[in-house]
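Here's the structure we're looking at; comments come further down.
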Amino acid sequence: MKRLLILSALSAAALMTSACITVIDADHDDDFGWHGENAQPFDGARAECRASTGEGPRSEAFRQCMAAKGWTRS
């Protein structure tokens, strides 16, 4: 019974955190600190936003584009 309780607690914790993603890339400072919940894949979203805005991650237009794809930057 105790094993079942522990397994249930671990499963619940895994499910609660499975939808949250944080991107930390030490090679690219501009990629640091993006958080997504049920977001599009990061690399694809970043490429689409760069192409559509013509700007980099520090611009407001880029941030708005990423937010529309489920990503926010802290």
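The values are calculated or read from the model by the stated rules, or taken from the named source; none is laboratory data. Please read these numbers as outputs of a predicted model, since none were measured by experiment. No Cβ is skipped: glycine too gets one built from the backbone with ideal geometry, and neighbour counts run over all protein chains shown. Areas reflect the complete protein model, heavy atoms only, side chains present, ligands, DNA and RNA absent. Shrake-Rupley method; radii C 1.70, N 1.55, O 1.52, S 1.80 Å.
List the residue pairs whose Cβ atoms are under 6 Å apart, where the first residue sits in the stretch 43-71 and is closer than 16 Å to Gly33 by Cβ and open to solvent by 30 Å² or more (accessible area, probe 1.4 Å), the second is basic (Lys, Arg) and not in a helix (DSSP H, G or I), and the two are 6 or more positions apart or on different chains.
Hits for this filter: zero, empty list.
With the condition kept exactly as written, say whether any residue in the stretch 12-32 is among the hydrophobic types (A, V, I, L, M, F, W, C), at pLDDT 75 or above and surrounded by 14 or more Cβ atoms within 10 Å (Cβ to Cβ).
Checked against the condition, which is being among the hydrophobic types (A, V, I, L, M, F, W, C), at pLDDT 75 or above and surrounded by 14 or more Cβ atoms within 10 Å (Cβ to Cβ), the stretch 12-32 yields no hits at all.
Sort out which residues of the stretch 36-74 are part of a helix (DSSP H, G or I) and among the small types (Gly, Ala, Ser), and write them in order of number. Reasoning before the result, please.
First, pick out the residues of the stretch 36-74 that are part of a helix (DSSP H, G or I): 42-53, 60-68.
Passing the criteria: Gly44, Ala45, Ala47, Ala51, Ser52, Ala61, Ala67, Ala68.
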